[in-house]
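These notes concern the structure reproduced below.
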Amino acid sequence: MIEPYNKLVKLAARAFYDDLTSKGDNQPKTGRSDNRGIAVVVLDALTRRQWVREEDLAKDLKLHTKQLRRTLRFFEEEKIITRDHRRETAKGAKIYSAAVAATADATTGKEGEEKVKLHTHSYCCLDYAQIYDVVRYRLHRMKHKLKDELENKNTIQQYICPNCGKRYTAFDAPRLLSRNGEDFDCESCDGKLDVESDKLAAQEGGDGDGDENARRRRREKLKDMLQKMEVQLKPLIDQLGRVKDLPVPEFGSLQAWEARASAAGRAANGDNAGDSKSHLGYNGAPMPYSGDTKVVVDFNGTEGKGEGVKSETDSTSLKVLPPWMITSGMNLTKEQRGEVKQETKMDGTSTSTAAQYTDEKKSTIGHDDKNIQDEYIKAYYAALLKKQHELEEAAKNPQDANAADDPSSSTSIRKVGDKYKRKEDDDGTEWEEAPARGNGIGAYKVDLNVEADAPAEDDEDDIDWEEG
Amino acid sequence: MQLHPRYFGRNLRDNLVSKLMKDVEGTCSGRHGFVVAVTGIENIGKGLIRDGTGFVTFPVKYQCVVFRPFKGEILEAVVTMVNKMGFFAEAGPVQIFVSNHLIPDDMEFQSGDMPNYTTSDGSVKIQKDSEVRLKIIGTRVDATEIFCIGTIKDDFLGVINDPTTV
């Protein structure tokens, strides 16, 4: 649905903006540091994202923020993208924390022990409806200008003084008439004015007899230009035609999009903790366990967090499949998982939209995932129960730490155990969210290492999770 | 309309009307264009005596014919001056300039005591006092002046009537 529009954007970018540089005007343009065409890269990147924070985009594209901003500003003026500037806290700017910050803003911005420092974050998004119009207008103007020049009609002659460079139009003609009535004089310096010829068809040398030829050559040149333009822009025009009847992909304002995306994330995970995770990943410096997230020991909540964590950890070890990942059983899901992981890898390190896309993809992958997850959970908790038994039998010291975990885990198990009891199957499917789940089920950061160690000590056939 | 007391008397109204016509006809306002002729007096209000002098001011409402050139309009005009940059023509009160790049390519400027534009075969000549039909492509309206740019490059434009052959 959105693909034809993306193609249109790409064609337009390559047609019109491929010599745009993001260097400032007063910077030296050396051969080495010439980055002409960066605009095309930026636009292409934007076709793969919806609303994206400019800092994240800069990181993905490995561009300096300032250069990116300059390019984005140019596009904003061309009406190709829309931008939104919002003041948010640096750390995980969630919607509700933004609301909090907004109220905190009214007070001096410091509340209690928390320092709510507000930075202005800029977001940008392609504006498809306007792109369609802008491209059509541009084409129309180009054709019009060439045609007008070709037929030489309705253009108001311009004159320029060679001495002082002052410009006049034909409207000033009576004022400029010189004493002898033969030519036009400049008002300030009394130099004889020159006719300023058409810009597109530069005047060939040789007036007089050559004038006729010059005129003919100009006509030919203009006709050539018109011809070339039509030929080279044909794919763009075709794409315009294709896109004409399609409904425009509309993302809405930043707030609306965020609300929708988080709602979608919620629908996929069944819980707003998952939503907060995906949102966290989007807005904040991607920190999986940002300060004020609640400890949601819920099954779904941990899964949500796990996804984010997994994408981060896996992005570093993409090739190596986790050892606990059983090759048999859910092949389909594993491949899907692989694909999804690829997706997150390709989009760069833990970008918001990567998390978003994975969330959305997961939701689209379908409810069979849900079933698989349920089955995995059963397997996981079966293993966990087994582990607990082993721990109880093992030595005391390592167990202290685990004991600390146990109550929480036992409670969680109890809670999830309900689910487990509900369904009877246990096919031992593994899931990549295992470590995250383990982490989530346990306590938080402090206990992370401990819990990670504990399983490593055990002989777990089924579940070996990586350090989360 | 300001009137000197010497005109007061039986013919006050006629004096007023003639003074109006004398003053207003031929002037130009940017909004309405050139006032060509006064066609009727609608209303003459009560006169107000100015302090210090004996002049009396009357508000007069009148109807008149105005002339305002528009872009895209086709007019006949009489050539007044020919120049290598183009030629000037007048269509009544308004002056129009046609620059040489809006003159058909086959017409060349020829200087001399009677500068003119002429075709290569000499069949068509534009010189002083020729009548041409031209199209307005732009108007410039000051507070009290209107000036136009025209073209003769389109179809059916150009010389209507050559003064030498007539």
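Each value in this text was obtained by applying a stated rule to the coordinates, not by laboratory testing. Keep in mind the model is a prediction, meaning the values are calculated, not measured. Cβ: placed from backbone, ideal geometry, glycine included. Neighbour counts: every protein chain shown.
Summary table
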| item | result |
| --- | --- |
| Peptides ranked, highest mean first, by Cβ atoms within 10 Å: ranges B:47-53, A:252-258 | A:252-258, B:47-53 |
| Over 19 Å (Cα to Cα) - which of A:K192/A:K221; B:K125/B:K153; A:K147/B:K84; B:K71/B:K153; A:K192/B:K84 fall in this group | A:K192/A:K221; A:K147/B:K84 |
| Exposure proxy ranking, count of Cβ atoms within 10 Å, fewest first, for A:V9, A:V231, A:V134, B:V65 | A:V231, B:V65, A:V134, A:V9 |
| Whole-Hz couplings from phi, Karplus 6.51/-1.76/1.60, listed for region A:139-146; x for Gly and Pro | 4, 4, 5, 4, 4, 4, 5, 5 |
| Volume per residue of the C-alpha convex hull in region B:11-65, rounded to whole Å³ | 99 Å³ |
| Cα→Cβ-extended label distance, 7 Å offset, between B:L48 and A:A267, nm | 7.3 nm |
| Residue-count net charge about B:V56 - beta-carbon cut-off 11 Å; Lys, Arg +1, Asp, Glu -1 | +2 |
| Net lengthening on full extension, A:K228/A:R167 (0.36 nm per residue, minus Cα-Cα) | 18.8 nm |
| Interchain or long-range residues, amide H under 5 Å from B:T80's placed H | B:F88, B:A89, B:E90, B:D129 |
| With Cα atoms, 0 to 90° folded angle of helix B:12-24 axis to chain B main axis | 30 degrees |
| Amide H within-cut-off set for A:R87, under 5 Å, with H built and near neighbours excluded | A:H121 |
| Size of region A:121-193 as Cα extents on the principal axes (Å, biggest first) | 61, 39, 17 |
| Proxy reagent accessibility, fewest Cβ within 10 Å first, across B:S130, A:S122, B:S111 | B:S111, A:S122, B:S130 |
| Likely footprinting exposure, A:I2, B:I44, B:I96, fewest C-beta neighbours within 10 Å first | A:I2, B:I44, B:I96 |
| Amide H partners (placed H, <5 Å) of A:K166, local residues excluded | A:C161 |
| Å³ per residue enclosed by the Cα convex hull of region B:38-89 | 204 Å³ |
| Karplus 3J(HN,Hα) series, Hz, for region A:44-54 with 6.51 cos²θ - 1.76 cosθ + 1.60 (x for Gly, Pro) | 4, 4, 5, 5, 8, 10, 9, 7, 9, 6, 5 |
| Residue-wise HN-Hα coupling along region B:90-105, computed from phi with Karplus coefficients 6.51, -1.76, 1.60 (Hz; x: Gly, Pro) | 10, 10, x, x, 9, 9, 10, 10, 10, 7, 5, 7, 9, 9, x, 4 |
| Convex hull volume per residue in cubic angstrom - Cα atoms of region B:58-166 | 137 Å³ |
| Largest-first ellipsoid semi-axes for region B:1-117, taking √(5λ) over the Cα gyration tensor eigenvalues, angstrom | 45, 15, 11 |
